[in-house]
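Q: I'd like to ask you about the structure that follows.
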Amino acid sequence: MFGRVLLGEIRKLIRKRGLIVLGVIFGLAILIYALIFNEIVTDESGLTVCAEDFTSLFYSLVVSVLTIYGIVLAAGLYAEEYKRGTIKFVMLRPVSRTTLTTAKLLAALLYVTALALGVTLIVFLYGLARYGSSGSTAVDLVFNGDTPYSTTLSIKTFGAIGLKLLSVYAFMIVAFAIGTLAKNKTLSVVLTIILQAGIFSTPFMLVDSLAGTEIQKVLFSTNADLSGYIGMSASVLDDAGGIFSAIPKGGNIYLAVGLMAGYLTAALLATYLVVNKRDVV
Amino acid sequence: MAILEVKNVTKVYNKRGGRSLTALNDVSFSVDEGEVVGFIGPNGAGKSTCIKCITGLATQTSGSVTVCGFDTVKEHVDAIANVGAIIENPDTYLNRTALDNLRYYASISRIEVPSGTERKAYINDLIDDLLRQVGLYDRRNDKVSKYSLGMKQRLGIAQAMIAKPKLLILDEPTNGLDPMGIREMRDVVRTLAHEQGVAVLISSHGLAELQQTCDRFLLIRSGRLIADFSADEVGEGEGTDLVFTVDDVQKAVAVVEQNFEAKAKPIGENRVEVTSEGNSPAAEINEKLVQAGVRVSGLYEKRKSLEDVFVSLTEKGANDVR
């Protein structure tokens, strides 16, 4: 039965008009990006590029769109059904609410994964045909901010893509939880986007007196993307020209993984509990 | 055999500020196989809450509900597998066709497929039959957003029947249906109950329609079940109304009220309705009217309708009735 419920939920998502809009956005983005990228590298800039660079840069650009799409999608999984009243006929089936909740969330995660992988594959294949691969090239990275290690460009590229996809999942779970608990999609989208935009962590970066504190290391937005902890995210230069670490002060990967697991478990537990106990009125 | 058993169900809603509302108070009843039961009561009486407790959409504060012997709380999935229902509005997926909607509901329902039959083909045939039965076959590929309320109601009925339930619960099923649709609905319900043994619980404000459809009635008021009576009992009991056709209505009303312990009420220009406790003395009233110079050109006995019973019972105190 779970398989049939899951398939039903996936079909619901596929029929959403948003997919067409997103498809057009991604299609145009790929086209424009390819043209611009091509222009830069064919200019006599002396740059050497490969499919991995091409894919990595594109993915870091579209991941924001994907995150917001995932948030909007997840926020409405239950909230829209409550709003439109369709939840009643669904809950009048011999399907437990736990099964239904799991199927809804899993369907959304699978759907976004398919979308992300599809786009990545198209971009990578284009890059491969146009620039060739340097995937086996060795790259030096830093694990947890203090342990250097070597890997290949392919692993770095696709590892970062995978971790960024995990961050999309994390925000989707939060959006799903808020949307379900509040039975309000708009509220969930707004709150999760605020969370995703890192607005809560901004004061800690901009205000000197706060910058010295270690509060950032426990914030959801700081830890959602783990790629910084294994040296896979882009670093920025600080005022002195040195490398600004992507790891928040006092933080480490173990704490980040633990905190994320804790936050997401709490969000999911609250969702399951409320869905199972709530009267449909 | 009882398909549905509701035992001492109480539902209390906790409101803000520590207040609480008792929507159902110790309600008990059962519905047998092949029985059509009308669930009636004023707005806010607790009908929908009771139906939601039966279907598991809400959980009762105390008491129990069983469907085919399965507890709707502890064995929810098995209990609900035997239930088909429309509750309040027929809210299906508007951006999908009737066919898509039914295929989706079928996919997550427990449908017994005869051995040796391919599931998909069986379900497709089942859906086609249902669509024909509710008169939507020709519009099966239209999006539900283009449907009228009556058509949505028919689709709601189809989804309720898709898993061939043993208990069918219909909350205002004739909303939006035209007279032809109401008649078809009645025929479908009676056929399901009397030929296939489905137990049916119908909640509706359409009392005239219910009177023609149901075998038994449950009357609920302020969260309490105040009456449980068979269709045969409607029209019986204390009091009968007589309707006289007369040439002078005002005079006739005066004569009746002066000479009998009865209430007389003018109806239109030339009729008087006389209501009395106990047996109505039709012959005596007629004689008095003639003696007083009132010309009586017609007389008939008006049997009490379900509506009369409903009004009478809901106006009385709950304790007077049970």
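What follows is calculated from the coordinates using simple rules that are stated; it is not laboratory data. Just so we're clear, the structure is a prediction, and the values are computed from it rather than from any experiment. No Cβ is skipped: glycine too gets one built from the backbone with ideal geometry, and neighbour counts run over all protein chains shown.
Q: Just subtract the alpha-carbon distance of A:T152 and A:A34 from 0.36 nm times their residue separation and send over the number in nm, one decimal. Please report the intermediate quantities before stating the final value.
A: On the way: separation 118, 0.36 × 118 = 42.48 nm, distance 2.41 nm.
My answer for the length gained is 40.1 nm.
Q: Mind checking which lysines have their Cα closer than 26 Å to the Cα of B:K265? Skip sequence neighbours fewer than 8 apart in that chain.
A: Of all the lysines, those that pass the test against B:K265 - Cα under 26 Å, at least 8 places apart if same chain - are B:K251, B:K288, B:K302, B:K304, B:K316.
Q: Scan around A:V139 for amide H atoms under 5 Å from its own, H built in the peptide plane at 1.01 Å from N, and keep only partners 5 or more places away or cross-chain.
A: Correct list: A:T151, A:T152, A:L153.
Q: Let me ask another. Using a Förster radius of 22 Å, what is the FRET efficiency between A:A266 and B:N14 based on their Cβ-Cβ separation? Nearest 0.05, please.
A: It comes out at approximately 0.35.
Q: Moving on. If amide H atoms are built 1.01 Å from N in the plane of the peptide, which residues on other chains or at least 5 residues away come under 5 Å of the amide H of B:R224?
A: Long-range HN contacts for B:R224: B:N25.
Q: Something else about it: Between B:S312 and B:E284, what FRET efficiency follows from the Cβ-Cβ distance if R0 is 30 Å, with the result rounded to 0.05?
A: Approximately 0.80, to the nearest 0.05.
Q: Relative to the longest principal axis of the C-alpha atoms of chain B, give the angle of the C-alpha long axis of helix B:306-315, reported between 0 and 90° and rounded to the nearest 10°.
A: Rounded to the nearest ten degrees, it is 80.
Q: Same structure, new question: Using only the Cα atoms, work out Rg/Rh for the range A:2-277, with Rh taken as the Kirkwood radius, to two decimals.
A: The Rg/Rh ratio comes out at 1.00.
Q: Order by neighbour count: B:Y105, A:Y254, fewest other Cβ atoms within 10 Å first, most last.
A: Starting with the residue having the fewest Cβ neighbours, the order is A:Y254, B:Y105.
Q: Per the helix-only calculation at 222 nm, which mean residue ellipticity applies to the protein assembly as shown, given -39500 (n - 2.57) for every DSSP H run of n ≥ 4 and division by its residues, nearest 500 deg cm²/dmol?
A: Working: 22 runs with 305 residues, N = 603.
It lands at -16500 deg cm²/dmol.
Q: Angle check, please: helix B:98-107 long axis (alpha carbons) against the longest principal axis of chain B (alpha carbons), in degrees 0 to 90, nearest 10.
A: Long axis of B:98-107 versus the principal axis of chain B: about 70 degrees.
Q: Per-residue HN-Hα couplings for the range B:202-207, Karplus 6.51 cos²θ - 1.76 cosθ + 1.60 at θ = phi - 60°, whole Hz, x for Gly and Pro?
A: 10, 9, 7, 9, x, 5
Q: At B:E195 and A:L141, where each label point lies 7 Å from the Cα along Cα→Cβ, what is the point-to-point distance in nanometres?
A: Computed distance between label sites B:E195 and A:L141 equals 6.9 nm.
Q: Something else about it: Bins of 10 Å, beginning at zero and ending with the bin holding the largest distance: percent of Cα pairs per bin for the protein assembly as shown, please.
A: Going out from 0 Å in 10 Å bins, the protein assembly as shown shows 3, 13, 18, 18, 14, 12, 9, 6, 3, 2, 1, 0, 0 percent.
Q: Using a cut-off of 13 Å between alpha-carbon atoms, which aspartates and glutamates can reach A:K185, once sequence neighbours fewer than 8 places away in the same chain are excluded?
A: A:E80, A:E81
Q: So, with +1 on the Cβ of K and R and -1 on the Cβ of D and E, and no other charges, what is the size of the charge dipole of chain B about its Cα centre, to the nearest 20 debye?
A: Computed charge dipole of chain B: roughly 1460 debye.
Q: Quick one: grab the alpha carbon gyration tensor of the range B:75-128, order the square roots of its eigenvalues as a ≥ b ≥ c, and give me rounded if a/c is under 1.5, else prolate or oblate depending on whether a/b is larger than b/c. Display every interim value, and only then the final one.
A: Numbers: a/c = 2.71, a/b = 1.16, b/c = 2.33.
Because a/c hits 1.5 or more and a/b fails to exceed b/c, the range B:75-128 counts as oblate.
Q: B:V246's amide H: which non-local residues (gap 5+, or another chain) put their own amide H closer than 5 Å, with H modeled 1.01 Å from N in plane and none for Pro or chain starts?
A: HN-HN under 5 Å from B:V246: B:R271, B:V272, B:S297.
Q: Given 0.36 nm per residue, what is the gain on full extension from A:T48 to A:N276 after removing their alpha carbon distance, in nm?
A: Roughly 76.5 nm would be gained on extension.
Q: With charges set only on the Cβ (+1 for Lys and Arg, -1 for Asp and Glu), what does the dipole of the range A:2-277 come to about its Cα centre, in debye to the nearest 20? Don't skip to the answer; put the middle values down first.
A: Working: 20 positive and 15 negative charges, 444 e Å.
Once rounded to the nearest 20, the dipole reads 2140 debye.
Q: Given a Förster distance of 25 Å, report the FRET efficiency between B:E301 and B:Q250 from their Cβ-Cβ distance, rounded to the nearest 0.05.
A: The pair B:E301/B:Q250 has a calculated efficiency of 0.60.
Q: A follow-up question, please. So if each residue of separation counts as 0.36 nm, and I subtract the Cα-Cα distance between B:K7 and B:A292, what length gain in nm does that give?
A: Length difference between fully extended and current span is 96.8 nm.
Q: If packing is taken as the mean number of other Cβ atoms within 10 Å per residue, what is the order of A:263-272, A:62-71, A:131-140, highest first? Don't jump to the answer; show the numbers that get you there.
A: On the way: A:263-272: 15.9, A:62-71: 21.0, A:131-140: 13.3.
Descending mean neighbour count gives A:62-71, A:263-272, A:131-140.
Q: Enumerate the calculated ³J(HN,Hα) couplings along the range B:78-86 in order (Karplus 6.51 cos²θ - 1.76 cosθ + 1.60, θ = phi - 60°), each rounded to whole Hz, writing x wherever the residue is Gly or Pro.
A: 5, 5, 6, 5, 9, 10, x, 8, 10
Q: Say the cut-off is 25 Å between C-alpha atoms; which of A:K164/A:K277; B:K52/B:K143; B:K11/B:K164; A:K12/B:K11; A:K104/B:K120 go over it?
A: A:K164/A:K277; B:K52/B:K143; B:K11/B:K164; A:K12/B:K11
Q: Which of B:S28, A:G132, A:V280 sits closest to the plus end of the dipole of the protein assembly as shown, meaning its Cα is farthest towards the positive end, when Lys and Arg get +1 and Asp and Glu get -1 on the C-beta?
A: It is A:G132.
Q: Next question, about the same structure. Mind listing the phi-derived Karplus ³J(HN,Hα) values for the range B:290-299, rounded to whole Hz, using 6.51, -1.76 and 1.60 with θ = phi - 60°, and x for any glycine or proline?
A: Per-residue couplings from phi come out as 5, 4, 7, x, 8, 8, 9, 10, x, 7 Hz.
Q: A follow-up question, please. Between 0 and 90 degrees, rounded to the nearest ten: what's the tilt of helix A:153-182 against the longest Cα principal axis of chain A?
A: That works out to roughly 30 degrees.
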